[in-house]
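> Can you keep this structure in mind? I'll have questions shortly.
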Number of protein chains: 2
Amino acid sequence: MPQLGLLPGRAWAALLGQLLRPPRVVCLGAAHSHSQVAEAVLASQLKPRQEKSNFILKTPKGTRDFSPQQMVVREKILDIIVSCFKRHGAKGLDTPAFELKEMLAEKYGEDSGLIYDLKDQGGELLSLRYDLTVPFARYMAMNKLKKMKRYHVGKVWRRESPTIAQGRYREFCQCDFDIAGDFDPMIPDAECLKIICEILTGLQLGDFLIKVNDRRILDGMFAICGVPESKFRAICSSIDKLDKISWKDVRHEMVTEKGLAPEVADRIGDYVQCHGGLSLVEQMFQDPRLSQSKQALEGLGDLKLLFEYLTLFGIAEKICFDLSLARGLDYYTGVIYEAVLLQTPAPAEEEPLNVGSVAAGGRYDGLVGMFNPKGHKVPCVGLSIGVERIFSIVEQRMKTFGEKIRTTETQVFVATPQKNFLQERLKLIAELWDAGIKAELLYKNNPKLLTQLHYCENMGIPLVVIIGEQELKEGVIKLRSVATREEGGRERDRELETSMREKHRPAASCTPPTGDVPATKVAIKRENIVAEIQKRLFES
Amino acid sequence: MPQLGLLPGRAWAALLGQLLRPPRVVCLGAAHSHSQVAEAVLASQLKPRQEKSNFILKTPKGTRDFSPQQMVVREKILDIIVSCFKRHGAKGLDTPAFELKEMLAEKYGEDSGLIYDLKDQGGELLSLRYDLTVPFARYMAMNKLKKMKRYHVGKVWRRESPTIAQGRYREFCQCDFDIAGDFDPMIPDAECLKIICEILTGLQLGDFLIKVNDRRILDGMFAICGVPESKFRAICSSIDKLDKISWKDVRHEMVTEKGLAPEVADRIGDYVQCHGGLSLVEQMFQDPRLSQSKQALEGLGDLKLLFEYLTLFGIAEKICFDLSLARGLDYYTGVIYEAVLLQTPAPAEEEPLNVGSVAAGGRYDGLVGMFNPKGHKVPCVGLSIGVERIFSIVEQRMKTFGEKIRTTETQVFVATPQKNFLQERLKLIAELWDAGIKAELLYKNNPKLLTQLHYCENMGIPLVVIIGEQELKEGVIKLRSVATREEGGRERDRELETSMREKHRPAASCTPPTGDVPATKVAIKRENIVAEIQKRLFES
């Protein structure tokens, strides 16, 4: 290590880092050229503190906020997914957002460059988690667990380059389900595929297909085609791109960038075109070259058993053995799978178009062992649901069908047509809250009745209680439905009209209705109002 | 800026940073001295890949995993909190885990040093969020929103030094509720205090107290005591430590470190000892010195109004006006509050002991404006629940009472007493899953019946279906309760005994029971089993 003066290394690095950092061009307003930057920096320094914030107001590149509307959609999706995980007996687990940098090393192959590191501010070197699988394996090894069935819903972070992967996020949510433990072959694996089917069916995303392959079949295929063993993982990464780029381009990458002989690439090309069901598994058993590989035969044997279990689960027709499926991550050791949505409706006699992967996973029997000082292994198999793509589809569909989303769950609104009734409103709403009723009021001393009723309309609040001078005198409170669902829009219009008329009527006319709309507006004794609302909410 | 050769600044910084980084001492096994480190690094490099992972298996300092048991507790707590937020009409919102570094600048005063920065890997400079309030203000300004009532549950990160704040986490979960918008005074503020009361009551954490003060009263107090205006925020930070260190130490810090005249400090000392209810507010109105401050009078006026609303909400006796409450964060502008749990039972005639803050918040009318280029303000008030401390208390209580926590929700277990029944079990469990029933089986071809029943016992699974040769022949499936709740432990023992006897009985004896324990074990026709289980689950 070079000696650089008297300061300790770390202090030097910090000092120099500080001196050498260029001005923050990225975040300054419209400053593009060097002179503009210099000007903006000067201007920023000369301005008083309050006007200083002339940076672009945005979230970091590749990230986004979830608005209340989006939150409702996301929570519905997550609810369906987590319910399924719980239906299969999974326990919950949570791990920190960052791990020691070492924990993530040598796990992700070519993708390792996408890991976010934290700045060295003294202490440990940390990285944001890249997936939920490696933290799970670390947890298993750290707690010396031999088996566990767990789910984990959480954010992960990847420095994806938007030029390569457009539309991908740098912060996204993963929903993982994994089964760790030494069990009989293919039973947990089949359950993982069953879970993917249940979730994709439950989310009503249209027709889908799950491609299945096995790392051992891939490795066997590479070996008999003449790929040197040192290039297995690199060639795997190339094959993995087949769903994004053509065979021609993949072949070019393998030959030019990864130094594969053209005839070896062509032999691989013959295999990766194959896809089918159980019959293809049988056919590959008979393949004169592939059947020479012990590894490939093991993989094929397991796939055969897998198809037997998938048939018992009633999902075999959703599964396709696809020799082009490779999966990018380094840690897979056995069966791998990836679910794709099919464009619907598919034009007759045409193959349905692949609109992208929404779930994936596989077997990784070596990962927990990588964290164990003695290398003790815990076999694992699991799956990960890609929520962002599902979210986009569901959001798009809701827009198409013009579905209106309620962003609050408020059941009752506390209103008044008169001035100086804040005290009464506050007393009443506290009673509602204390009874567990979801209630709101406007934070104004003297709001207009129409403003209050419009708020209910806009927010989709079903019930409104109205208290005024007359009601206070008579010891009653008016309770009305904001919109009578049975009678639809016209009734709602009438309601609003009524409310507008009421606004200009003298207080004395706010008496209980005579019976023409008994279901939508009644006067309830003050002491019974909570019970009455609870009854109404229970009935609806 | 100094010119250092031909490389661009950023490349230089990266290169030097790399050269100067010391070896990763922290994460290597038991290596402490320099020679040990060198040896460990060398050994690590010479070892084959599999044995290389000789780092300590741990989560980063100040972070932790949540085990399935802990997840259940955490989710129950979060459920109570979120239900309350929804009861008050809040919408959900989510923001990224990190923000542009600039967004967090000048928001946290002396605490800014605790912000986690991300490493500069090219592109934007980023920091992990320090709280949920600043991202909320950024969201409001970015979307040009004028009002919003939102809740946000999410992790935040702070590089707390464990020597100062023991037991604090560097990653922790916050539950925030905020009301943004220009409303009539103290109505949203009172609702925030009501929410804190509802949540702390709902969580059954014992007696609590909410301290209330106002930044304007504090500033007025500082002014009339003779604190220079430039030192207001710094003195605020010192006062904020009064719940952790004595007045003597705070006074010492103010005089020695922050350069306050001793007599000024003593004048402050007279005030910060004051705490009480509405009567103290009235008393302060009469205070000959404080009443000279226009700011302080405004704060006192608002506090008086606040107490009026708190009385209507029925929570005035939980609130204490406390002149020593200061809150550390820079952005507060008006009322501030902090909820503390009181040690129960408090010894007679002694003041109950403060066991720590579990919720806090206040008014911050300037924060959104800091993000607006023209400084347009959106007044805000909000609260944050500190889940970690609540979690520790609930977890401790559950340990004390020996409450057993179920970590899964499985309703039915599919078992067999015989070999070669995997196919039948798989077919049956798929039917259960498809009917929405939470079901599990063991991932073994031929598990022992006792192992299966023990699994049910351990996991608290209420129902077990048993299928064997005889049942298959007769077209029935046995359904039994794992533990009959009405009959308690003795019945459970009999069940297990029976199961052990059955294990060694010939299959033919597995006929439907004759009626002595009809509620716990019955044979159901194969085609009716799903409906029967659904009926049982609905009834229980």
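> Restricting attention to the range B:268-282, report how many residues are closer than 13 Å to B:Trp247 by Cβ and assigned to a helix (DSSP H, G or I).
5
> Step by step: first the residues of the range A:422-448, then only those that are acidic (Asp, Glu) and closer than 14 Å to A:Gln534 by Cα, then the one that is surrounded by the most Cβ atoms within 10 Å (Cβ to Cβ). Which residue is that?
A:Glu431
> If you take the residues in the range B:421-438 that are closer than 15 Å to A:Ala190 by Cβ and facing chain A (nearest Cβ under 7 Å), which one is nearest to the chain's Cα centre (by Cα)?
It comes out as B:Trp433.
> In the range A:272-288, how many residues are buried (at least 16 other Cβ atoms within 10 Å of the Cβ) and touching a Lys or Arg at 6+ places or on another chain (Cβ under 9 Å)?
3
> Looking at A:Ser67 and the list (1) modelled with pLDDT under 95; (2) under 19 Å from B:Pro135 (Cα atoms), which single condition is not satisfied?
With respect to (1) modelled with pLDDT under 95; (2) under 19 Å from B:Pro135 (Cα atoms), A:Ser67 is out only on (1).
> Moving on to the next point. Quick check on A:Tyr169: is it modelled with pLDDT under 95, closer than 20 Å to B:Phe98 by Cα and more than 9 Å from every other protein chain (Cβ to nearest Cβ)?
For A:Tyr169, the condition - modelled with pLDDT under 95, closer than 20 Å to B:Phe98 by Cα and more than 9 Å from every other protein chain (Cβ to nearest Cβ) - is met.
> Within the range B:303-314, restricting attention to residues that are touching a strand residue (DSSP E or B) at 6+ places or on another chain (Cβ under 8 Å) and within 14 Å of chain A (Cβ to nearest Cβ), which residue is surrounded by the fewest Cβ atoms within 10 Å (Cβ to Cβ)?
Checking each candidate, the answer is B:Phe307.
> Can you name every residue in the range B:451-473 that is more than 40 Å from the chain's Cα centre (by Cα) and not charged (D, E, K, R)?
Scanning the range B:451-473 gives B:Ile466, B:Ile467, B:Gly468, B:Gln470, B:Leu472.
> Residues in the range B:461-470: is at least one in contact with a strand residue (DSSP E or B) (Cβ under 7 Å, 6 or more places away or on another chain) and either within 10 Å of chain A (Cβ to nearest Cβ) or not hydrophobic (A, V, I, L, M, F, W, C) (or both)?
yes
> Would you check if B:Leu205 is closer than 30 Å to B:Ser392 by Cα, among the hydrophobic types (A, V, I, L, M, F, W, C) and touching a residue at least 12 places away in the same chain (Cβ under 8 Å)?
Answer is yes for this residue.
> Could you list all residues from the range A:94-150 that are under 23 Å from the mean Cα position of the chain (by Cα), assigned to a loop (DSSP other than H, G, I, E, B), hydrophobic (A, V, I, L, M, F, W, C) and at the interface with chain B (Cβ under 8 Å from one of its Cβ atoms)?
A:Ala97
> From A:Lys399, A:Lys419, grab the single residue that is assigned to a helix (DSSP H, G or I) and surrounded by fewer than 20 Cβ atoms within 10 Å (Cβ to Cβ).
Selected residue: A:Lys399, the only one of A:Lys399, A:Lys419 that is assigned to a helix (DSSP H, G or I) and surrounded by fewer than 20 Cβ atoms within 10 Å (Cβ to Cβ).
> Now a separate question. Kindly establish whether A:Thr451 is at pLDDT below 90, surrounded by fewer than 20 Cβ atoms within 10 Å (Cβ to Cβ) and of a type in the set (S, T, N, Q).
Answer is no for this residue.
> B:Ser230 - would you say it is part of a helix (DSSP H, G or I) and either surrounded by fewer than 20 Cβ atoms within 10 Å (Cβ to Cβ) or outside the structural domain of B:Arg389 (by the TED database) (or both)?
Against the criterion (part of a helix (DSSP H, G or I) and either surrounded by fewer than 20 Cβ atoms within 10 Å (Cβ to Cβ) or outside the structural domain of B:Arg389 (by the TED database) (or both)), B:Ser230 qualifies.
> Something else: Taking the conditions exactly as written (within 20 Å of B:Val153 (Cα to Cα) and surrounded by fewer than 19 Cβ atoms within 10 Å (Cβ to Cβ)), does A:Gln121 satisfy them or not?
No; evaluated as a whole, the condition is false for this residue.
> Still on this model: Filter the range A:175-206 down to residues that are part of a loop (DSSP other than H, G, I, E, B) and more than 17 Å from the chain's Cα centre (by Cα) and give me whichever is farthest from the other protein chains (Cβ to nearest Cβ).
A:Gly206
> Can you tell me which of (1) within 30 Å of B:Leu426 (Cβ to Cβ); (2) part of a strand (DSSP E or B) is the one A:Phe172 doesn't meet?
Result: A:Phe172 passes all but (1).
> From the list B:Asp207, B:Asp184, B:Asp176, pick out the single residue that is buried (at least 21 other Cβ atoms within 10 Å of the Cβ) and among the charged types (D, E, K, R).
Answer to the selection: B:Asp176.
> Can you tell me which residues in the range B:255-266 are exposed (fewer than 15 other Cβ atoms within 10 Å of the Cβ) and assigned to a helix (DSSP H, G or I)?
Those that are exposed (fewer than 15 other Cβ atoms within 10 Å of the Cβ) and assigned to a helix (DSSP H, G or I): B:Thr256, B:Glu257, B:Pro262, B:Glu263, B:Asp266.
> Would you say B:Ile390 is buried (at least 17 other Cβ atoms within 10 Å of the Cβ), within 14 Å of chain A (Cβ to nearest Cβ) and touching a Leu at 6+ places or on another chain (Cβ under 8 Å)?
So B:Ile390 fails the test.
> Among the residues of the range B:36-57, are any within 7 Å of chain A (Cβ to nearest Cβ) and at pLDDT 70 or above?
Yes, some residue in the range B:36-57 is within 7 Å of chain A (Cβ to nearest Cβ) and at pLDDT 70 or above.
> Still on this structure, I have one more. With the requirement that a residue be assigned to a helix (DSSP H, G or I) and surrounded by fewer than 17 Cβ atoms within 10 Å (Cβ to Cβ), what does the range B:242-254 give you?
If the condition is that a residue be assigned to a helix (DSSP H, G or I) and surrounded by fewer than 17 Cβ atoms within 10 Å (Cβ to Cβ), then B:Asp243, B:Trp247, B:Lys248, B:Asp249, B:His252 are the ones that fit.
The values are calculated or read from the model by the stated rules, or taken from the named source; none is laboratory data. What you see is a predicted model; the values in this text were computed from it and never measured. Note that we place each Cβ from the backbone using ideal geometry, even for glycine, and neighbour counts take in every protein chain shown.
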